[in-house]
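Visitor: Before I ask anything, let me first share the structure, which is written out below as structure tokens.
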Amino acid sequence: MKLPSLNLYRHFLDGIPLYLARYYWWAYLWPVTVSFFDHQPIINAILFGQYRKLMGATMARLKLADHQNTLQLTCVYGELTPKLIETVSPAPLHITDAALIQLGLAKSKASRENSLLATRMNAEQLGYKDDSFTTVVLFFLLHEMPPEARINVLGECMRVIPAGGTLLVTEYAPLPTSHIIYRFPPSRWLITKLEPFLDSFWREDVGALLNEHGKAYGKMARTSSDERIFANFYRVTEFKVQAL
């Protein structure tokens, strides 16, 4: 949420992307609220009761993919990270985030030593080599980014996923003009105030962006599965990366 008169976000800028600190410090960077949000009932309420369905659909696609070398691109609240660790075991799960507090929280959920390999990176400029991961998981990341950052992240996904690899995107579905949450002005106003970049993401063609920026790496992305949840409000989309 934008708080222009307080400028509290300036206290959280150390190594943090400006948009993340400015608009989401209260949700991801402040220790008081980090401990509050990381409770299953809270995160489920934020997703209108759909967290388990979304996580279940994501895990179902991951189990069918080559998860020998899997990257969770940025941390998330809830049970997703432990479930990912369990699914890719005995291989470790790789996870990266710009926020140390989020990485610490993720590591606290790893039940086994060396089951989670955590690094601090900006998702727009990953330090991994080309073709490093057979699968990359993006769970409600893209809608929290301004368009330029979103494009950079999708470009990095195409760089680090080899031909034959998988990108799993769990996110808001395209512009939900028929959904009651969108059609009801107060709820639409609230959700777009809390998520200032959501409106632009609703209008984004993720597949087209992947293909546009995959050309530089000689790759393209094909939609192999697209499951819609909560009356077409959310989606779990699987993209298969192929050589051009």
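Visitor: Name every residue in the range 104-115 that is open to solvent by 10 Å² or more (accessible area, probe 1.4 Å) and either in contact (Cβ under 8 Å) with a residue 60 or more places away in the chain or closer than 22 Å to L20 by Cβ (or both), in order of residue number.
Guide: Taking the range 104-115 first, the residues open to solvent by 10 Å² or more (accessible area, probe 1.4 Å) are 104-105, 107-114.
Across the range 104-115, the qualifying residues are G104, L105, K107, S108, K109.
So that you can scan it fast, the table gives a plain yes or no per residue for (1) open to solvent by 20 Å² or more (accessible area, probe 1.4 Å); (2) at negative phi; (3) not in a loop (DSSP other than H, G, I, E, B):
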| site | (1), (2), (3) |
| --- | --- |
| H67 | yes, yes, no |
| P82 | yes, yes, yes |
| H94 | yes, yes, yes |
| L117 | yes, yes, yes |
| A123 | no, yes, no |
| Y128 | yes, yes, no |
| V136 | no, yes, yes |
| A149 | no, yes, yes |
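Visitor: On to the next question. Step by step: first the residues of the range 181-214, then only those that are more than 26 Å from Y24 (Cα to Cα) and touching a helix residue (DSSP H, G or I) at 6+ places or on another chain (Cβ under 9 Å), then the one that is surrounded by the most Cβ atoms within 10 Å (Cβ to Cβ). Which residue is that?
Guide: G214
Visitor: Follow-up question, since we're still on this one. Which of (1) under 25 Å from P174 (Cα atoms); (2) surrounded by fewer than 16 Cβ atoms within 10 Å (Cβ to Cβ); (3) in contact with a strand residue (DSSP E or B) (Cβ under 6 Å, 6 or more places away or on another chain) is the odd one out, the single condition Q72 does not satisfy?
Guide: The failed condition is (2).
Visitor: Can K219 be described as at pLDDT 95 or above and surrounded by 15 or more Cβ atoms within 10 Å (Cβ to Cβ)? Before you say what the answer is, go through the steps one by one.
Guide: Working: at pLDDT 95 or above: yes; surrounded by 15 or more Cβ atoms within 10 Å (Cβ to Cβ): yes.
Yes: the conditions hold for K219.
The values are calculated or read from the model by the stated rules, or taken from the named source; none is laboratory data. Just so it is clear, the model here is predicted, and its values are computed rather than measured. When we count neighbours, we look across all protein chains shown, and the Cβ atoms used for this are built from the backbone with ideal geometry, even at glycine. Side chains are part of the model used for accessible areas, which takes the heavy atoms of the whole protein and leaves out ligands, DNA and RNA. Shrake-Rupley method; radii C 1.70, N 1.55, O 1.52, S 1.80 Å.
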